[in-house]
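**Q** Mind having a look at this structure? Questions to follow.
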Amino acid sequence: MCLSATLEMFRSVLSSSETLSWMGMGFATVAQRSRASRKARPVTISYVVDLTQTLTPESPSWPGYPSLAVRNTHHFAADGFFANAWDIHEHSGTHVDAPLHFSAKGWSAADIPAEALVVPVVVIDIRSRARRDPDAQVRVEDIKAWEKRHGRVSRGAAVLMWSGWEDRAGDQVAYRNMDSEGIMHFPGFSQEAAEFLVTERAIGGIGVDTLSLDHGPSTDFGAHFAVLPSNRWGIENLANLGKLPPGGATLFVGVPRVQGASGGPARILAVW
């Protein structure tokens, strides 16, 4: 179904006092343009895909993290309106890891610039390898193979791993895939691939359809440390990556703007 509509959200962004254009890392502000040139442009979108898992108290979580708890505070019968209170860990469900999560000097969720949250999308498909090996990792070779088919990874892009792991998201045990020694087994980015994307491709962030940017057995969190301290973000527990083209979509990262937060549950949308 083609939406083919000018969205008010885009209109407000594109007509703001600092318009956005593709320059360098994702969207770059262009404050030098005159007010006369800051004219709203229609943006036509054919597809919108929600990459967010629905967050519930039963959603898979990192071992030791508390699950979401929802408590009703107001109800129609007694109060005339409805509202709940949430008790939630920052890194629950589909969520963003802000740079602060692995760097004391990194941006908090509130500090991430808006232009760093609207970026081109690259989807790296490692499903066939992940089916054979739950500890599979995105490798530099996977990135270069993608580039042979689709062109160089864009500066500022979000590079997302599609392992097919979201099929397990309804089962905490299967999603963690923990062995008898308490070691988890699921796919992620290798440290080498993460470093390559940061240093050689100047990406904006990475994302995975598993519990962690690093694969399950990791003890040094090399992918986290390669990406987050460079003031780039990560997204974990993505969904519906199979509905995206390998490239050409744009990602909207709706991380909550909470002061001092190391991340937070987010609504992640892809459009093209």
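**Q** So for segment 185-192 (the condition being of a type in the set (A, V, I, L, M, F, W, C), more than 14 Å from the chain's Cα centre (by Cα) and more than 21 Å from T52 (Cβ to Cβ)), does at least one residue qualify?
**A** No, the conditions are met nowhere in segment 185-192.
So that you can scan it fast, the table gives a plain yes or no per residue for (1) in contact (Cβ under 8 Å) with a residue 12 or more places away in the chain; (2) over 27 Å from V255 (Cβ atoms); (3) not assigned by TED's automatic domain parsing to the domain that holds P229:
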site	(1), (2), (3)
V119	yes, no, no
V123	yes, no, no
I126	yes, no, no
V140	yes, yes, no
G151	yes, yes, no
G156	yes, no, no
D167	no, no, no
A174	no, yes, no
A194	yes, no, no
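**Q** So in segment 58-81, with the set limited to residues that are in a loop (DSSP other than H, G, I, E, B) and over 30 Å from the mean Cα position of the chain (by Cα), which one is surrounded by the most Cβ atoms within 10 Å (Cβ to Cβ)?
**A** Applying the filter and picking the extreme gives H75.
**Q** Can you pull out every residue in segment 116-171 that is of a type in the set (G, A, S) and under 20 Å from L269 (Cβ atoms)? Talk me through it step by step, then tell me what you get.
**A** Initial filter on segment 116-171 (of a type in the set (G, A, S)): 116, 128, 130, 136, 145, 151, 154, 156-158, 163-164, 169-170.
If the condition is that a residue be of a type in the set (G, A, S) and under 20 Å from L269 (Cβ atoms), then A116, S154, G156, A157, A158, A169 are the ones that fit.
**Q** Given the conditions (1) buried (at least 21 other Cβ atoms within 10 Å of the Cβ); (2) polar (S, T, N, Q); (3) closer than 20 Å to L55 by Cβ, and given that Q172 satisfies all but one, which numbered condition is not satisfied?
**A** If we test Q172 against (1) buried (at least 21 other Cβ atoms within 10 Å of the Cβ); (2) polar (S, T, N, Q); (3) closer than 20 Å to L55 by Cβ, just (1) comes out false.
**Q** Looking at segment 193-248 only, could you name the residues that are surrounded by fewer than 24 Cβ atoms within 10 Å (Cβ to Cβ) and in a helix (DSSP H, G or I)?
**A** Passing the criteria: E195, F196, V198, T199, G222, H224, F225, P229, S230, G242, K243.
**Q** Let me ask you something else. Against the condition part of a loop (DSSP other than H, G, I, E, B), of a type in the set (S, T, N, Q) and within 28 Å of G216 (Cβ to Cβ), how does S128 come out, does it pass?
**A** Details: part of a loop (DSSP other than H, G, I, E, B): no; of a type in the set (S, T, N, Q): yes; within 28 Å of G216 (Cβ to Cβ): yes.
Criteria not met by S128.
The values are calculated or read from the model by the stated rules, or taken from the named source; none is laboratory data. Predicted, not measured: the structure shown is a model, and the values here were computed from it. Here the Cβ is made from the backbone with ideal geometry for all residues, glycine too, and neighbour counts use every protein chain on show.
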